[in-house]
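Notes follow once the structure below has been shown.
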Amino acid sequence: MEKEDKKKVAVYRKESFNAAHRLYNPTWSNEENDAIFGKCNNPNYHGHNYDLIVKLVGEVQAETGFVMDMKVLSDLIQKEIIERFDHRNLNEDCAEFKNTNPTAENIAIVIYNILQPHIPATIDMQVRLYETPRNFVDYPA
Amino acid sequence: MPPPLIRAKNMVYITRIEHFNAAHKLYNPEWSKEKNEEVFGKCANENWHGHNFELFVTIKGNPSADTGFVFDAKKLSTIIKENVIDILDHKNMNVEVEFMQGKICSIENLIIGIWNVLCPALPQGVVLHALKLYETPKIYVEYFGEEN
């Protein structure tokens, strides 16, 4: 009976950052990189406005009415993600992508792994990352 | 014969939206690195950053009695793509875009540069009315080809 009363709700926080990157596999020749990554492989970089949506699913806490305090979540994303990636070159400035190609897929996984230790174990998190208004990824799938 | 309410002198504005993704930095080469960081903040990052830019191109004219068009929007799209998008998309505008060389790559200067390459590329009789350029969903500039 008590279990039925505990409703799970999904809450979302949206943030954004602007960054430069290029898609490049250092173990391939320039020709292979061009063939696979096309203009995304431009050695002079290009860039995007990334939109990040962090989804949390959990039970509504009786005391607060919150799944998680959105101000706390916002501050966490700001401190851990936005300050790290905003107005940066993901390939050059960010240690997370020294050995990882900064595709939208990999950026979403990196963001999830950075945030996850800060989210209570009772809450499930999913990261949605828009690279452009038309391309976006979810992790975990 | 056009319907009676469609008159030859109706001025209509038609807008085509295109987009491109590019890297840039805001940097005045005549200043020290410190002064650039003081004025441009994180936009001066020497390793670049980037944006998804949205470009709104508005032309104006009287709809043709034969086609109903001011100008074929598909043809307008092709002209914008060949003269603007292909030059800027997935590029570093400080390094690779000829019409931005010697200029600070702000969106203000970028929209003027786009106007100056697009205007001569339009067929005679197609009047460029306005450009609107979004750098982020919260920042955009407009340019009407005016001097003061």
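What follows draws every value from the coordinates through simple rules; no lab data is involved. Keep in mind the model is a prediction, meaning the values are calculated, not measured. A quick note on method: Cβ atoms are made from the backbone with ideal geometry, for glycine too, and the neighbour counts reach across all protein chains shown.
For the stretch A:44-141, GluC sites (Glu not before Pro) meeting the loop criterion (DSSP other than H, G, I, E, B) and having at most 10 other Cβ atoms within 10 Å: A:Glu63. Using a simple spin-label model with pseudo-atoms 7 Å out from Cα toward Cβ, A:Thr100 and A:Val60 lie 3.5 nm apart. I need the shape label for the stretch A:1-84. Rule: rounded when a/c is under 1.5, else prolate if a/b > b/c, else oblate, with a, b, c from the alpha carbon gyration tensor. Judged from the Cα gyration tensor, the stretch A:1-84 comes out prolate (a/c at least 1.5, a/b above b/c). Every pair of different Cα atoms in chain B enters the Kirkwood calculation, which places the hydrodynamic radius at 16.9 Å.
Taking every residue in A:10-20 and counting other chain Cβ atoms within 10 Å of its Cβ, the average works out to 3. Which of the residue pairs A:Lys71/B:Lys91; A:Lys14/B:Lys132; A:Lys79/B:Lys35; B:Lys9/B:Lys75; B:Lys33/B:Lys91 have a Cα-Cα distance greater than 30 Å in the structure shown? As for pairs spanning more than 30 Å Cα to Cα, those are A:Lys71/B:Lys91. When the alpha carbon gyration tensor of chain A is reduced to an equivalent ellipsoid, its three semi-axes come out at 35, 14, 12 angstrom, largest first. Just to verify a number: FRET efficiency for A:Lys14 and A:Arg134, C-beta to C-beta distance, R0 = 22 Å, to 0.05? Using R0 = 22 Å, I get an efficiency of 0.85. With both residues required to sit in chain A, DSSP beta bridges show an antiparallel share near 95%. For the stretch B:49-118, the extents of the C-alpha atoms along the principal axes are 46, 19, 18 Å, listed from largest to smallest. With K and R counted +1 and D and E -1, the other residues having a Cβ less than 12 Å from that of A:Lys79 yield a net charge of -4. The distance from the alpha carbon centre of the stretch A:41-69 to that of the stretch B:115-135 is 38 Å, rounded to a whole number.
Here the extension length gained between B:Glu82 and B:Glu98 equals 4.3 nm, from 0.36 nm per residue of separation less the Cα-Cα distance.
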